[in-house]
1. Taking interchain pairs and intrachain pairs at least six residues apart, which have beta carbon atoms under 9 angstrom, with the first residue in the stretch 66-78 and within 18 Å of residue 49 (Cβ to Cβ) and without any contact (Cβ under 8 Å) to a residue 40 or more places away in the chain and the second part of a strand (DSSP E or B) and of a type in the set (Lys, Arg)?
2. Which of the residues belonging to the stretch 30-78 are modelled with pLDDT under 95, in a helix (DSSP H, G or I), over 19 Å from residue 15 (Cβ atoms) and charged (D, E, K, R)?
3. What number of residues within the stretch 1-34 satisfy the criterion of being surrounded by 12 or more Cβ atoms within 10 Å (Cβ to Cβ) and closer than 22 Å to residue 78 by Cα?
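The values are calculated or read from the model by the stated rules, or taken from the named source; none is laboratory data. What you see is a predicted model; the values in this text were computed from it and never measured. Methodologically, a virtual Cβ is constructed for each residue, glycine included, from the backbone with ideal geometry; neighbour enumeration extends over all protein chains shown.
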Amino acid sequence: MTEVVTLPRFRGRGWASELLREVCSEADREGVELVLKVETSPGGLTEAELLAWYQRHGFTPVSADPEGLTLRRRPGSR
């Protein structure tokens, strides 16, 4: 995946969380570490909101720079 965006009118229904849970489950089964770059977009969630959301799925911050946050999730993280 290169980008996941939920339009404001569809947020809060759990669709993005379900998609991410599936990706994380598959990574866990395969023993794969996930690394991603989190970038804000106009009208989207703030960096703090995005970080909190990803942390709920087991991601931890690795670094931050002007382009956004880099997060990592090791297999089996919760």
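1. Qualifying pairs under 9 Å: 67/37; 68/37; 69/37; 70/37; 71/37.
2. 47
3. Of the residues in the stretch 1-34, the ones surrounded by 12 or more Cβ atoms within 10 Å (Cβ to Cβ) are 6, 11, 15-17, 19-21, 23-24, 27-28, 32, 34.
Then drop every residue that is not closer than 22 Å to residue 78 by Cα, which leaves 15-17, 19-21, 23-24, 27-28, 32, 34.
Matching residues across the stretch 1-34 total 12.
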